[in-house]
Amino acid sequence: MTTIAVVGDVHGNARALRAALAQARKGPYDRMVFLGDLLTYGHDVGEVLDLVAEAQEKDGATLLVGNHDRMYFDLVEGRHDYFDGLPDWLKDTVNLTLEAPRTAMLADALSWVEEARLDGRAIAAHANPYGKSDWCYLNSLDDHVNAGVALAQRSLNVGVFGHTHRPRFFDGVRPLGAVPFDQQLEARRGNPIVINAGAVGQPRDGTGQAVLLRLTLTEQTVRATFERVAYDLAAHIAALRAAKLPSATIERLVRFFA
């Protein structure tokens, strides 16, 4: 049996990350996994990188590459294809993130992997089970069914992802939709199970609250608890409002927490 503290998309929100790490360390946990997307939207670059580096050193945390992480790696090396396709408001927050000197060192400052084995039949990746730099979202029922098929084709039966910022637990039995918080969900391992950890730094489930996934894997079962994480949300919103960004961009960022 292994219990894993899964930290979803952080997106520059150091207050939420600090609280999530403190909650994760209360246990139980045997392992810690970050699903990537450390930066953008929030702008606590230095503190976020420090907290993740500390988790790698003290907790042995695994860090996955997300689409935003890959974008910053590319921008530093002069590749702009992904950035060029972003809407203007999102370019605003990326450009502000790039003003932090440590963003340029993101690739080398931490240890990264594209995908992580959680046990012999379970994986974690940022977005989906389709491989490096595939950022397709798992939103619809068909998306989750297809992801399950891809897992089964690889002789896997559990996939843990982020990317959508919306917590989900799809086992082919429960209806796909919002999950209960602070309640344990359990499913038998057999048919593929597709789990989304939600987001620590920028939830998009309509609540504005951070979430930590605590996942326990046994040979026969998967148990998942989506834990609410309390932190000073008002201070984070105040920091967003104080950012050197166009007012329309600020309002767009703040609405995620309304």
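Pick out the one residue from 118, 98 that is touching a Phe, Trp or Tyr at 6+ places or on another chain (Cβ under 9 Å) and touching a residue at least 12 places away in the same chain (Cβ under 8 Å). Walk me through it before giving the result.
Numbers: 118 fails: touching a Phe, Trp or Tyr at 6+ places or on another chain (Cβ under 9 Å).
The conditions single out 98.
Scan 258, 239 and give me the residue that is exposed (fewer than 12 other Cβ atoms within 10 Å of the Cβ), closer than 19 Å to residue 10 by Cα and of a type in the set (Gly, Ala, Ser).
On the way: 239 fails: exposed (fewer than 12 other Cβ atoms within 10 Å of the Cβ).
Just a single option satisfies the conditions, and that option is 258.
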When segment 90-112 is checked residue by residue, the ones that are within 20 Å of the chain's Cα centre (by Cα) and in a loop (DSSP other than H, G, I, E, B) are 110, 111, 112
Filter segment 180-203 for residues that are open to solvent by 60 Å² or more (accessible area, probe 1.4 Å) and not polar (S, T, N, Q); which is nearest to residue 149 (Cα to Cα)? 188
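Among the residues of segment 206-251, write down those that are aliphatic (A, V, I, L, M) and part of a helix (DSSP H, G or I). Step through it out loud before you land on a result.
So the first thing to find is which residues in segment 206-251 are aliphatic (A, V, I, L, M), and the list is 210-213, 215, 217, 222, 224, 229-230, 233-235, 237-240, 242-243, 245, 248, 250.
Scanning segment 206-251 gives 233, 234, 235, 237, 238, 239, 240, 242, 248, 250.
Any residue at all in segment 145-159 that's at pLDDT 95 or above, under 18 Å from the mean Cα position of the chain (by Cα) and more than 18 Å from residue 226 (Cα to Cα)?
Going residue by residue through segment 145-159, those that are at pLDDT 95 or above are 145-159.
Within this subset, residues satisfying the condition of being under 18 Å from the mean Cα position of the chain (by Cα) are 147, 158-159.
Now restrict to residues that are more than 18 Å from residue 226 (Cα to Cα): 147.
Checking segment 145-159: at least one residue is at pLDDT 95 or above, under 18 Å from the mean Cα position of the chain (by Cα) and more than 18 Å from residue 226 (Cα to Cα).
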How about segment 160-205: which of its residues are within 12 Å of the chain's Cα centre (by Cα), not small (Gly, Ala, Ser) and not in a strand (DSSP E or B)? 163, 164, 165, 166, 167, 200, 202, 203, 204
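The values are calculated or read from the model by the stated rules, or taken from the named source; none is laboratory data. Computed from a predicted structure; not experimentally measured. We place every Cβ from the backbone using ideal geometry, glycine too, and count neighbours over all the protein chains shown. For the accessible areas, the whole protein counts, side chains as well, though only heavy atoms, and no ligand, DNA or RNA atoms are used. Shrake-Rupley method; radii C 1.70, N 1.55, O 1.52, S 1.80 Å.
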